[in-house]
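Data block below; observations after.
A short reminder: the numbers here are calculations on the coordinates, not readings from a lab. Computed from a predicted model, the values in this text were never measured in an experiment. Every residue, glycine as well, gets a Cβ built from its backbone with ideal geometry; the counts of neighbours run over all protein chains shown.
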Amino acid sequence: MIARIGLVIVIAVGSLAAYLYAGFYGHLGELPFPGEVAPLARPVTWDSQNAQSQVDAASEIGASSEEQILFGDLHVHTTYSMDALLTSLPIMQGEGAHPPADACDFARYCSALDFYSINDHAEGLTPAMWSEIKESVRQCNEVAGSETAPDLVAFLGWEWTQMGLTPETHYGHKNVILKDTGDALVPTRPIASIGNALNAMRSSRANTPLLALALRDFPARKPYYDFLALRGELMRSELCPTDVPVRDLPLDCIEAVETPRELFAKLDDWGFPSIVIPHGNAWGNTTPARIEWEKQLANGNHDPNRQTLVEVYSGHGNSEAYRPWRHVAEGGDKSHRCPPVRDDFIPECQRAGRIIESRCSDAGLPASVCVERAQTARQNFVDAAAMGRLTVPGETAEDWLASGQCMDCFEPAFLYRPGGSAQNALAVSGVDVPNAPQDAKHRFRFGFIASSDNHTARPSTGYKEFRVLGMTDANSDEASRKLRELVYQELPKAPESVPINAADVPLVPGGDDRMSSFFYTGGLVAVHAEGRNRDAIWNALEAKQVYGTSGPRMLLWFDLLNAPDGTEKPMGSDVVMSEAPRFRARAVGSREQLPGCPAFSGSTLGADRLAALCMGECYNPSDTRRTIEKIEVVRIRPRHSRAEDVADLIDDPWLSFDCLPEQAGCSVEFEDLDHAAGDRDSVYYVRAIEQATPHVNAENLRCETDDSGACVSTKPCRPGSGSDECLAPTGARAWSSPIFVDQAQVPSF
């Protein structure tokens with residue numbers, strides 16, 4: 001009997017071990033499924049009516065209607081991205097899977113876009129998943145109607161997600177957009193980034209807590225096992241050899257490179273048309289504190305032929321504006337320390353010291369001890385890099401007030417990094433940069449776009465400001481707590497700081513409570529195109545005849561009027577001239593939205609899918625347009641040496657024009673006499689600002705200020721807590737691509 005009981009126990013233990021082993025390595029789940037694209041295009045009459053509204057608006061403001069302005073989103077994630085799949089899980093209060101087919105249906109029937117691209121993280125894509133994405137994109141294009149005037153153009157792409165813990169090892173995130181979709185015209189596999197992101201995807205480190213979640217939530221275990229199945233597939237996949245031409249690589253390996261230079265080389269090896277779009281360079285949650293754009297001008301890490309556009313705004317915030325402050329200071333001995341408080345910026349490390357000093361004082365400890373602990377807390381925070389807040393045990397979002405944030409920026413990225421801003425990119429040059437061409441002409445000449453960076457396969461959710469949960473990337477308050485529990489153990493509140501090694505803690509998006517106050521519904525990229533088809537859109541993107549908006553479909557034109565060849569030049573142009581350039585900017589506000597959805601959306605998707613995917617609201621324009629309140633002009637004069645302070649070379653705004661409250665829009669003209677009298681190249685772009693309307697997180701942390709204007713308390717956005725949609729009034733805006741006006745000669749170096 002004892003032997004029989006022992007045998008039963010052995011079998012039971014063995015079965016449990018086998019079950020846990022199978023779950024841990026992903027053998028109990030299924031890999032993601034791409035979904036089925038809805039089979040009907042939008043009605044031709046609906047697109048024609050929208051086009052006619054634009055023609056009428058252009059005519060009224062005196063702009064040419066030979067080109068159409070088309071709106072799209074070139075930054076869309078589905079749950080084929082592992083971070084998106086994680087936040088879709090039940091314990092995260094997620095909605096479940098949103099596969100590639102959802103992106104097509106949302107773009108077509110909910111946001112009514114003209115084009116979009118899928119940009120799932122290459123680090124989490126197997127070759128099989130890449131094939132499924134390609135097929136889904138083709139399905140979307142196959143039902144688009146006329147080839148010359150499709151209702152929607154779907155582009156193929158991926159995100160190269162590179163995150164270094166230090167500025168020296170960090171290059172940032174870049175979206176690769178491909179012109180074509182046919183198997184013979186695109187890479188066999190996406191090209192990933194070697195580093196933290198890829199290591200996290202392929203490591204078994206997170207499998208144990210994920211398996212524990214599946215067992216704890218056993219009745220709803222399938223999504224967890226599916227997630228583990230994807231992780232298991234990635235863990236078993238081999239990395240491609242690095243010394244083999246791309247067409248000779250094995251079909252089932254994962255291709256990855258360390259630097260942008262190597263990424264460009266791989267794309268050159270394939271030889272297919274592609275555009276590489278950096279984004280998120282000012283996001284503090286994924287970008288080291290001391291990041292500077294100039295680094296990427298060296299060692300071949302900038303390709304001026306492929307890297308022609310930059311994303312200035314997304315659902316993760318605005319990355320446009322330069323500021324002179326930094327989160328961390330560097331000493332003469334290359335040591336890192338906490339910089340002092342400024343009138344316009346409080347470093348988080350300084351706030352960490354104040355929190356600890358206050359706790360210490362409340363605990364009745366001597367003032368000298370509290371001062372010393374505050375100093376230790378500041379340095380611990382600096383040393384912990386991205387995980388600085390964990391050095392303050394038991395901290396809450398409210399403890400940090402507005403520290404670390406750009407509180408005078410429009411809808412800024414979280415923990416804003418000014419060195420990664422678009423303005424800084426346009427201001428630096430290769431001069432004095434080690435291992436870069438010593439040439440003031442060697443610099444970034446980016447066109448400006450905006451997009452969504454949405455992680456629920458919803459391209460362009462900014463058509464209406466509603467549903468902070470679902471239409472932004474914010475997690476619920478409860479989900480954020482569980483996400484933190486998944487990756488690190490929080491310590492109880494204490495009057496003393498603790499050291500943290502950032503390398504020991506995974507970088508987890510959404511892991512900070514305050515981040516929910518810095519998620520937005522996302523932006524749009526607009527192109528001035530000669531037609532609705534793929535070639536026309538691609539040609540406009542390559543020519544940088546593009547602009548970005550913070551969500552609404554504003555119309556914007558920006559032209560150089562006196563180019564040397566006697567013609568007008570549009571936004572995105574490069575010219576050489578020594579006389580004073582003259583410009584014209586024209587803007588028309590977006591159309592007010594009607595509640596609900598157009599009839600065709602519901603008749604095609606059905607009531608249930610309309611409610612689930614579109615959340616019951618679609619792009620549904622009225623005939624009334626919002627007014628333009630202001631047009632601002634930004635001028636940047638790229639530097640001649642690193643000794644020059646970039647802040648002195650950026651005039652923001654250089655000029656500002658108030659507009660009459662008319663639906664017809666606003667038109668202004670101006671010239672720059674300084675350019676004619678100087679010896680510097682000049683860069684100009686314009687911002688058009690609409691009348692104020694409610695926007696999600698427009699006030700970010702919702703500070704309560706004292707008489708001096710200092711933030712003394714905050715009300716962070718905590719989605720899921722009651723009915724708070726975190727709305728506040730602000731003026732949506734559009735950013736033109738710059739016009740680059742070079743002098744024939746600049747000083748030699």
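What is the projected area of the convex hull of the Cα atoms of the chain, averaged over all directions, in nm²?
Computing the convex hull of the Cα atoms and averaging its projections yields 37.0 nm².
For the chain, give me the percentage of DSSP beta bridges that are antiparallel, rounded to the nearest 5 percent.
75
Along Cα→Cβ, 7 Å out, is where each label goes; now give me the distance between the ones at GLN52 and LEU239 in nm to one decimal.
5.9
Between VAL13 and ASP504, 0.36 nm times their residue separation minus their Cα-Cα distance comes to what?
173.5 nm
With a point put 7 Å past each Cα toward its Cβ, work out how far THR627 is from VAL371 in nm, to one decimal.
It is 5.7 nm.
What is the magnitude of the charge dipole of the chain about its Cα centre, with +1 placed on the Cβ of each Lys and Arg, -1 on the Cβ of each Asp and Glu, and no other charges, expressed in debye to the nearest 20?
Result for the chain is approximately 1680 debye, rounded to the nearest 20.
Rounded to the nearest 20 debye, what is the charge dipole size of segment 596-664 about its Cα centre when +1 sits on each Lys and Arg Cβ and -1 on each Asp and Glu Cβ?
For segment 596-664, the charge dipole is close to 260 debye.
Which of PRO621, HIS121, LEU210 sits closest to the plus end of the dipole of the chain, meaning its Cα is farthest towards the positive end, when Lys and Arg get +1 and Asp and Glu get -1 on the C-beta?
Looking along the dipole axis, the top candidate is LEU210.
Calculate, for GLU725 and GLU671, the FRET efficiency according to 1/(1 + (r/R0)^6) with r their C-beta to C-beta distance and R0 30 Å; round to the nearest 0.05.
The formula returns an efficiency of 0.10 here.
Let's test this: bin the Cα-Cα distances of segment 101-146 at 10 Å from zero up to the farthest pair and state each bin's percent.
Calculated over all Cα pairs of segment 101-146, the distribution is 24, 53, 22, 2 percent.
Multiply the residue gap between ARG481 and ASN562 by 0.36 nm, knock off their C-alpha separation, and tell me the result in nm, one decimal place.
Contour length minus Cα-Cα distance gives 23.4 nm.
With a cut-off of 8 Å between alpha carbons and a minimum separation of six or more residues, what is the relative contact order of the chain in percent?
In percent, rounded to a whole number, it is 15.
Hey, what number do you get for the chain at 222 nm if only DSSP H runs of n ≥ 4 count, each worth -39500 (n - 2.57), divided across all residues, to the nearest 500?
-7500 deg cm²/dmol
Apply the a/c threshold of 1.5 to the C-alpha gyration tensor of segment 380-517 and tell me whether it is rounded, prolate or oblate.
oblate
Between PHE272 and GLU258, what is the label-point separation in nm under the 7 Å Cα-to-beta-carbon projection?
2.7
Determine the gain in length on full extension of the stretch ALA494-SER146; use 0.36 nm per residue of separation and subtract their C-alpha separation, reporting nm with one decimal.
Extra length from ALA494 to SER146 when fully extended: 118.7 nm.
How long are the three semi-axes of the equivalent ellipsoid of segment 329-403, in whole Å, if each is the root of 5 times an eigenvalue of the C-alpha gyration tensor, listed from largest down?
The answer is 20, 15, 12 Å, longest axis first.
What pairs in LYS222/LYS464; LYS482/LYS630; LYS134/LYS544; LYS464/LYS630; LYS334/LYS715 have C-alpha atoms more than 32 Å from each other?
LYS222/LYS464; LYS482/LYS630; LYS334/LYS715
Please work out the FRET efficiency for the pair GLN438 and ASN539, using the Cβ-Cβ distance as r and a Förster radius of 51 Å; give the result to the nearest 0.05.
It comes out at approximately 0.90.
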